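The values are calculated or read from the model by the stated rules, or taken from the named source; none is laboratory data. All figures in this text were calculated on a predicted structure; none of them were measured in a lab. Neighbour counts run over all protein chains shown; Cβ positions are idealised from the backbone, glycine included. When the accessible area is computed, the model is the full protein with side chains, heavy atoms only, and any ligands, DNA or RNA have been set aside. Shrake-Rupley method; radii C 1.70, N 1.55, O 1.52, S 1.80 Å.
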Amino acid sequence: MSEYIFGKNTVTAYLKSGQKPKNVYLFNKGSYPEIVAIAKEKNVNVQFVDKFRLDKMVKGVHQGAVIEIQDYRYADIETIVENAKHKLIVVCDQLEDPHNLGAILRSSDAAGVDGVVIGKHRSVSLTATVAKVSTGAINTVPVAQVTNLVQTVQYLKQQGYWVVAAENAVDAVSYDQFNVDMPIALVVGSEGKGISRLMKKECDILTTIPMFGTVNSLNVSVATGILLFEIVRRRNLLK
């Protein structure tokens, strides 16, 4: 089954990541010298087509650049743990919005996250929209899709990870107060429901970001970015 990635920056990032798509489709009245050069170097077929055909292929602002890939590749959680350099993993509990997952991947790439875990059921998967929003991070941050998130978190705990969950709870500590000098699996919840009851039972630490305005919570991708960079900031102070 074929999938499509679109947008000049996203297409360029995919080609630069070392992966080889099936085909590259470019608007026949546009100019894409970098994409064409990389595609030729990789011996990838490039087709110049009209805008109508590109519009039929994808829904969204394609900027005249679309690539066809076999499908999105997932990583094994065991491989993510084995290759972890920064001992920082993000676990998305029932995340449903592809824009949020794309933004989380983008922040994860910037923060040096070792991998992101998503569920196979009641959760968004890797899609063209995720790829577009991630601006290439979908190709650089390993993503594991698992059948049971709770069991996966239990596995991470067995591997020495402390499970930190973003949650506005009475017993939650401030986001700048918990210990970061340890392997961390950061759990973030769904847009409307937050973290599930079963997942919350597995968490070692609940943390919250103080609010000083009229809203009582942040968008999940924004909160994830803040938490990741706070972890990175304080870890750097310990060096």
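Looking only at region 204-239, count every residue that is open to solvent by 50 Å² or more (accessible area, probe 1.4 Å), of a type in the set (A, V, I, L, M, F, W, C), touching a residue at least 12 places away in the same chain (Cβ under 8 Å) and more than 19 Å from Val133 (Cβ to Cβ) and tell me the total.
Here the count works out to 1.
Here are the criteria: (1) open to solvent by less than 30 Å² (accessible area, probe 1.4 Å); (2) out of contact with any Cys (no Cβ under 9 Å at 6 or more places or on another chain); (3) under 12 Å from Val91 (Cβ atoms). Tell me which single one Val153 does not satisfy.
The single condition Val153 does not satisfy is (2).
Checking Phe48 against (1) part of a strand (DSSP E or B); (2) open to solvent by 20 Å² or more (accessible area, probe 1.4 Å); (3) closer than 28 Å to Val113 by Cα, only one condition comes out false. Which one?
Every condition holds for Phe48 apart from (3).
Filtering region 177-198 down to residues that are open to solvent by 60 Å² or more (accessible area, probe 1.4 Å) and modelled with pLDDT of 90 or more, which residue is nearest to Ile80 (Cα to Cα)?
Only one residue tops the list, namely Asp181.
Looking at this structure, is Gly18 of a type in the set (Gly, Ala, Ser), under 18 Å from the mean Cα position of the chain (by Cα) and on the phi > 0 side of the Ramachandran plot?
no
For region 4-27, which positions are in a strand (DSSP E or B), over 18 Å from Thr140 (Cα atoms) and either of a type outside the set (S, T, N, Q) or open to solvent by 50 Å² or more (accessible area, probe 1.4 Å) (or both)?
Hits for region 4-27 are Val24, Tyr25, Leu26, Phe27.
Exactly one condition in (1) within 11 Å of the chain's Cα centre (by Cα); (2) open to solvent by less than 20 Å² (accessible area, probe 1.4 Å); (3) in contact (Cβ under 8 Å) with a residue 40 or more places away in the chain is not met by Asn139; state its number.
With (1) within 11 Å of the chain's Cα centre (by Cα); (2) open to solvent by less than 20 Å² (accessible area, probe 1.4 Å); (3) in contact (Cβ under 8 Å) with a residue 40 or more places away in the chain applied to Asn139, the lone miss is (2).
Restricting to region 51-70, give me the number of residues that are in a helix (DSSP H, G or I) and open to solvent by less than 50 Å² (accessible area, probe 1.4 Å).
Final tally of qualifying residues: 2.
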